[in-house]
Amino acid sequence: MNETYRHKQLLSLLDEKKILSTNEIIDLLGVSPATARRDISKLHEQGKLRKVRNGAEAIETDFTQFFSNKINNISEKQRIAEAASKYCFDGASVILTAGSTMQLLGNHLCGKHLQIITNFLPLANYLIEHNHENIVIIGGQYNKNKRVTLSLNNQHENNYFADVMFTSGKGFTPEGLYKTDMILANSEQAFARKAHKFIALVDSAKLGKQVGMLFSDLNEIDLLITGREADPAIIQALRENGLEVVLV
């Protein structure tokens, strides 16, 4: 049984049973203990399952519990989230803001040796329920409609520094990243000032759109990760303005 087929079989079994011990994987797939452990580790690194003590468990991929509306461009956003997860080194401290792409990224990062800082309650709840060990939930008043905690004086945000901040937006042009929710944007700008690296995760449908407020100038953004469906002319313009762009 080749590796690709074996991985598909393992993920299919986990989808059905939700959790499997290493011994069960050995018996069900007819592989050696070393192969079973190697497969678990590789799929864990790819964000396709979660490695647990003496086995593996399925990763929750039904995000309907977090989002009342259908996620637009979910396939592209999943690719963006998977690519973004590779910019988190072992032991790093990372900020994730609000939104569906951040939730998808959190799914990939959960269980890894990382400190995750967020004020997005659906993400925080997901991490807690799936036993992520190092979570910082930024304090403040809970806003039910936006599902975030907001501090009126930024006192809580200013206490935390991070290696990387990930955020998204509603538009992206050679001027920079745009957001339409001014309340969230104001809170997230405090986070951005405390991160050593700023990575924007924006699906291709939003490129070229100038909507809402300019959240970050282009020169403040270290990296843009977007889908390969993006307009080549827009990508070229962004790169000519000095922005590193990763297409996935």
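General observations
- Solvent-accessible area, 1.4 Å probe, carbon plus sulfur percent, for region 67-247: 45
- Relative to the Cα centre, the charge distribution of the chain, modelled as +1 at Lys and Arg Cβ and -1 at Asp and Glu Cβ, gives a dipole magnitude of about 280 debye.
- Accessible surface ranking that places the most exposed of HIS196, HIS44, HIS113 first, with a 1.4 angstrom probe: HIS196, HIS113, HIS44
- Among LYS197, LYS86, LYS179: highest mean-square fluctuation, GNM of the chain, C-alpha pairs under 10 Å: LYS86
- Taking every alpha-carbon pair under 8 Å whose residues sit at least 6 apart, the chain reaches a relative contact order of 14 percent.
- Per residue accessible area of region 67-247, 1.4 Å probe, in Å²: 46
- Computed E for LYS194/GLU24 - FRET, C-beta separation, R0 41 angstrom, nearest 0.05: 0.40
- Top positive-direction residue, dipole computed over the chain with Cβ charges, set THR101, VAL31, LEU247: VAL31
- Proximal lysines to LYS194, defined as alpha-carbon separation beneath 23 angstrom and excluding residues fewer than eight positions away on the same chain: LYS86, LYS112, LYS146, LYS170, LYS179
- R0 of 22 Å, Cβ-Cβ distance VAL246-THR4: FRET efficiency to nearest 0.05: 0.35
- Mean residue ellipticity (222 nm) of the chain, computed from DSSP H runs ≥ 4 via -39,500 (n - 2.57), nearest 500: -10500 deg cm²/dmol
- With R₀ set to 25 Å, the beta-carbon distance separating SER151 from GLU129 gives a calculated FRET efficiency near 0.55.
- Per-residue surface analysis assigns MET1 an accessible area of about 120 Å², computed on protein heavy atoms at 1.4 Å probe radius.
- Within the set (i) 32, 27, 17; (ii) 25, 20, 18; (iii) 33, 21, 16, the number that semi-axes √(5λ) of the Cα gyration tensor in Å takes when calculated for this structure is listed as (iii).
- Computed from Cα atoms, the angle from the helix 74-85 axis to the main principal axis of the chain rounds to 90 degrees.
- Accessible area per residue in Å² at 1.4 Å probe, computed on region 3-60: 59
- Where VAL211, VAL164, VAL31 fall by accessible area, highest first, once all protein chains stay in place (1.4 Å): VAL211, VAL31, VAL164
- Computed label-point distance, nm, for sites ASN186 and GLU45 using a 7 Å Cα→Cβ extension: 4.5
The values are calculated or read from the model by the stated rules, or taken from the named source; none is laboratory data. Source: prediction; values computed, not measured. Virtual Cβ from ideal backbone geometry, glycine too; neighbours counted across all protein chains shown. Only protein heavy atoms, including side chains, enter the accessible area calculation; ligands, DNA and RNA are left aside. Shrake-Rupley method; radii C 1.70, N 1.55, O 1.52, S 1.80 Å.
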